[in-house]
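Student: Here it is, the structure in full.
Every number in this text was worked out from the coordinates using simple rules, so none of it is lab data. Values in this document were obtained by computation on a predicted structure and should not be read as measured data. Because the Cβ atoms are built from the backbone with ideal geometry, glycine has one as well, and the counts that use them run over all protein chains shown.
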Amino acid sequence: MTWRTVKQLADAAFPEELFTGEWQNRPSVLDDYKPDLDDRWNEGFTNAWELWEEIVPLGYKGSYQRVRAYVHKKRTLPRPVIARPPSPRTVSGRILRRPETLTEPEQIQLKTLRTYCPELDALTRHVRSFAIMLTQRQGEHLAAWLDAVRQDDLPSLHPLAAGIDRDLDAVTAGLTLPWNSGAVEGHVNRIKMLKRQMFGRAGFALLRKRVLLA
């Protein structure tokens, strides 16, 4: 007996690992049940004992050790590296950003997602066209944008379209005219900040003075 044979016998974890040479490719009583085992393995069931119990009622007459060796072999096989999909937050961030600010890998990944998901592609088109209306004051295109949103199966955008319809004139004016309520909102935010700072510490008289003198 050679040293290589001795080492092979010593390193074998299961009896099936000793079947080499002419024994290696011989038919096995497990062959007919390997497709069932593979399907269960792909579903996430990797316990050899449970898999053996499942194929016994199907007619398997072999030993548990043979099933265990087959499962052990599947565990030791290298698994293909699968790229991790981007999170919803990452995808939404790339949709909301200006296309020219995205890096080339980000553009390629977003393009791939849009190719395989028609709903995401339609959502991206609507979001970017609305951003153009907002930044370039193209309120005259709002009606056409609303019609395009209603034609697509995007339930998440339909409430937004319905809300814009209820105040269409005001939204159109906001997307067209150069004036906005940003200054007023800033004063309201400042007053609320002062109120929170003084909550439970002083009365209305002191709050009034702080608002007027701030």
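Student: Just to check, using Stokes-Einstein with a Kirkwood Rh over alpha carbon pairs, what's the diffusion coefficient of the chain at 25 °C and 0.890 mPa s in µm²/s?
Tutor: In µm²/s, the coefficient is 97.
Student: Report the full-extension gain for the segment Lys74 to Ala183: residue separation times 0.36 nm, less the Cα-Cα distance, to one decimal in nm.
Tutor: This chain segment gains 32.6 nm when fully extended.
Student: Hand me the trypsin sites (Lys or Arg not before Pro) from the range 54-123 located in a DSSP loop with no more than 10 other Cβ atoms within 10 Å, in residue order please.
Tutor: Answer by residue number: Lys61.
Student: Cα axis of helix 142-151 to longest principal axis of the chain: angle in degrees, 0 to 90, nearest 10?
Tutor: 30
Student: Let me ask something additional. Quick one: helix 204-213 against the long Cα principal axis of the chain, what's the angle to the nearest 10°, folded into 0 to 90?
Tutor: Approximately 80 degrees, to the nearest 10.
Student: Under 14 Å from the Cα of Lys73, which aspartates and glutamates turn up, not counting those fewer than eight places away in the same chain?
Tutor: Glu16, Glu17, Asp38
Student: Turning to a different aspect of this structure: In Å, what is the Rg of the alpha-carbon atoms in the range 114-214, and how long is Dmax?
Tutor: Taking only Cα atoms of the range 114-214, I get Rg and Dmax of 20.4, 62 Å.
Student: Which order do peptides 192-200, 119-127, 147-155 fall in by mean Cβ count within 10 Å, highest first? Provide the component values of the computation, followed by the final result.
Tutor: Numbers: 192-200: 10.3, 119-127: 16.7, 147-155: 12.9.
Output ranking for 192-200, 119-127, 147-155: 119-127, 147-155, 192-200.
Student: Can you check what the net charge comes to around Phe204, using other residues whose Cβ is under 11 Å from the Cβ of Phe204 (Lys, Arg +1; Asp, Glu -1)?
Tutor: +4
Student: Choose one of Phe204, Val184, Val149: the residue whose Cα lies farthest towards the positive end of the charge dipole of the chain (beta-carbon charges +1 Lys, Arg; -1 Asp, Glu; about the Cα centre).
Tutor: The residue sitting most towards the positive pole is Phe204.
Student: Angle check, please: helix 118-136 long axis (alpha carbons) against the longest principal axis of the chain (alpha carbons), in degrees 0 to 90, nearest 10.
Tutor: The angle comes out at about 20 degrees.
Student: For Lys61, give me every one of the lysines with a C-alpha distance below 17 angstrom, ignoring sequence neighbours fewer than eight places off in its own chain.
Tutor: Excluding near neighbours in sequence, the set is Lys34.
Student: By how many nm would the segment from Arg98 to Thr46 lengthen if fully extended, with 0.36 nm per residue of separation less the alpha-carbon distance?
Tutor: Between Arg98 and Thr46, full extension yields 14.1 nm more.
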